[in-house]
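The numbers here are math on the coordinates, done by the rules we state, and not lab data. Quick caveat: nothing in here was measured; it's all calculated off a predicted structure. Cβ atoms come from the backbone with ideal geometry, glycine included; neighbour counts cover every protein chain shown.
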Amino acid sequence: MEELSHLKNIIEEIEEMKKLYEELKILNELSNEDLEFQKEFEIKLKIFEKKLNEFELKMLLNKEDDVLDAIIEIHPGAGGTESHDWAEMLMRMYLRWIEKKGFKYEILDILPGEVAGIKSVSILVKGKYAYGLLKSEIGVHRLVRISPFDANNRRHTSFASVFVYPSKEDIKVNINENELKIETFRSSGAGGQHVNKTESAVRITHIPTGISVTIRSERSQHKNKEIALRILKAKLYEYYKQKEEEKLKELEKQKTDITWGYQIRSYILHPYKLVKDHRTNLEHPNPELVLDGEIDEFIRAYLLNS
């Protein structure tokens, strides 16, 4: 029934675009006689182009997991405060993109940096095709700028890695409880009344693969364990899927080496302004706009080239 509904929606979209295309042909003929029709033609043409681009993306997102919700993880590379701040900038970029797409999100876990930024974050993104769109962001992101934390105003290069996993309730992954190491500890905080006095934070490690998940966002140990198991299932699902596709070694190498060799995109704020995707060679002259969530061009270019 879900597949039937999906196919009906595709047919409806095609029919809607066909009607709009016929309108455009008529308006184009009339625009030669009247400037008012020319203005209407230009407005309708932009609408048509947008619908066509969105439809083309949907047709590219034809893998089984593409339609699912997504879990984004962001981890800073080496560099302390600089990379922690860069990781937080990336988090903001994705949250702005999520809002603009009309998706919902939930921050599952976040660990603040000592001075600024974040040491890690896990975000659940809820929306149709969230995983299919966001999988294009997997990899290392590089920032070049004059550091706001450097008294001598020197230029710094920072790295952060982004990983994306499909999220679904019924992931079929067999987990043997004897292969899990479950640890509990107190959530760290800035102090004061909100410091967690009980061991509610949970870390679950899958011993055969070494994959671990830490959740500290909830005050209930039971809730944190539930969320951690859900994310662990998603990670193991992706792990085994990629192992089958013989991509696991490359992914694991990227995780341990968040540096030059594995970057997918550079965001340069100094000495000039540019964002460049190294997989597609797509460039954008306005990094501030991209960091405000305007990343659809990069997603589209990646999907068209992959």
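So here's what we get for this one:
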quantity: Cβ-based exposure ranking for M17, M93, M1, M59, in which fewest neighbours within 10 Å come first; calculated: M1, M59, M17, M93
quantity: Segment 9-98 shape via C-alpha gyration tensor axes, a/c threshold 1.5; calculated: oblate
quantity: MRE, 222 nm, helices only [DSSP H, n ≥ 4, -39500 (n - 2.57), over the chain, to nearest 500]; calculated: -14000 deg cm²/dmol
quantity: Helix axis angle, 2-31 relative to the chain longest principal axis, alpha carbon, degrees; calculated: 40 degrees
quantity: Matching label, Cα extents along the principal axes in Å computed from the structure shown, candidates [x] 75, 59, 43; [y] 66, 55, 34; [z] 53, 41, 37; calculated: [x]
quantity: Normalised alpha carbon radius of gyration of segment 2-60 [divisor 2.2 N^0.38 Å]; calculated: 1.36
quantity: Cβ-based exposure ranking for D34, D296, in which fewest neighbours within 10 Å come first; calculated: D34, D296
quantity: Cβ-derived FRET efficiency at R0 41 Å, M59 paired with L111, nearest 0.05; calculated: 0.60
quantity: Contour excess over end-to-end distance, with Cα ends at L45 and R186 and 0.36 nm allotted per residue; calculated: 45.1 nm
quantity: Restraint check, K19/K50; K8/K168; K181/K223; K104/K128; K104/K135, Cα-Cα greater than 19 Å; calculated: K8/K168
quantity: Set of aspartates and glutamates with alpha-carbon distance to K25 below 16 Å, sequence-local pairs under 8 removed; calculated: E15, E16, E33, D34, E36, E40, E42, E49
quantity: Farthest positive-ward along the chain dipole, Cα basis, beta-carbon charges - from A160, I47, A130; calculated: A160
